[in-house]
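To start, the structure itself, in structure tokens.
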């Protein structure tokens, strides 16, 4: 798959409509790479103008700031801001809610002000505008997990559900959802440290709520959530009965007209 690089397009005198911020997980994690490819496949199929920074993209600094290393966060953020501003980037789309939150809410204080969208809101708008047309599919029941950094932190609950509705998916809400949703257990840099003392891991608790919906698919919109849900299903020996999918993957499963 050919993914356009900003520096190459700029050198050719071309412009782009959006910058796709891939993120560390989307670049290096094998499972998240599938989401990256799915999102790029969608954009390629509908002929949308986009590009990525490639090797010039650095970590947003989210894990560093959450872990208390403010110096490292600011060093990474300033470097990214200088790169983005050098290319005149105005609009950014992220598949990771953690990248989305950091770019949208924390970079402006350091001089990086952009229109930043999570890909769920971006794809939902394309569907509603008729730019992304989904093929007719059979209706099925699925469960949906609200990621903390998209939901409770940024108040976005409807865009992912709107996409699933367009895909003719009937959402069976979990015991805790939307503003009352339960964290997957990876936020706040918890992904990179040992579990806190306790009787049960958070992702296993969340997995039990997934299993309580009696669906065989759970949909997520965050690479951390996908990892934690998959690990929770393995802990319950249910990884072959319940599959974890990303929103972009569900769109490709349905097919694009």
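The values are calculated or read from the model by the stated rules, or taken from the named source; none is laboratory data. Remember, it's a predicted structure, so these values are computed and weren't measured experimentally. Note: ideal-geometry Cβ built from the backbone for every residue, glycine included; neighbour counts use all protein chains shown.
Within segment 165-182, restricting attention to residues that are assigned to a loop (DSSP other than H, G, I, E, B) and in contact with a helix residue (DSSP H, G or I) (Cβ under 6 Å, 6 or more places away or on another chain), the residue that is surrounded by the fewest Cβ atoms within 10 Å (Cβ to Cβ) is 175. Here segment 192-208 is the region considered, the condition is being closer than 26 Å to residue 158 by Cα and in contact with a helix residue (DSSP H, G or I) (Cβ under 7 Å, 6 or more places away or on another chain), and the residue that is modelled with the lowest pLDDT is 203.
Checked against the criteria, residue 135 does not count as surrounded by fewer than 22 Cβ atoms within 10 Å (Cβ to Cβ), out of contact with any helix residue (DSSP H, G or I) (no Cβ under 9 Å at 6 or more places or on another chain) and within 23 Å of residue 37 (Cβ to Cβ).
Do you know which residues across segment 61-77 are free of Cβ contacts under 8 Å to residues at least 12 places away in the same chain and either part of a helix (DSSP H, G or I) or touching a helix residue (DSSP H, G or I) at 6+ places or on another chain (Cβ under 7 Å) (or both)? Across segment 61-77, the qualifying residues are 70, 71, 72.
When the test is whether a residue is buried (at least 21 other Cβ atoms within 10 Å of the Cβ), in a strand (DSSP E or B) and at pLDDT 95 or above, residue 93 passes it.
Taking every residue in segment 11-31 that is assigned by TED's automatic domain parsing to the domain that holds residue 84 and pairing it with any residue that is part of a strand (DSSP E or B) and surrounded by fewer than 17 Cβ atoms within 10 Å (Cβ to Cβ), at least 6 positions away or on another chain, the pairs with Cβ-Cβ distances below 8 Å are 17/91; 18/91; 19/91.
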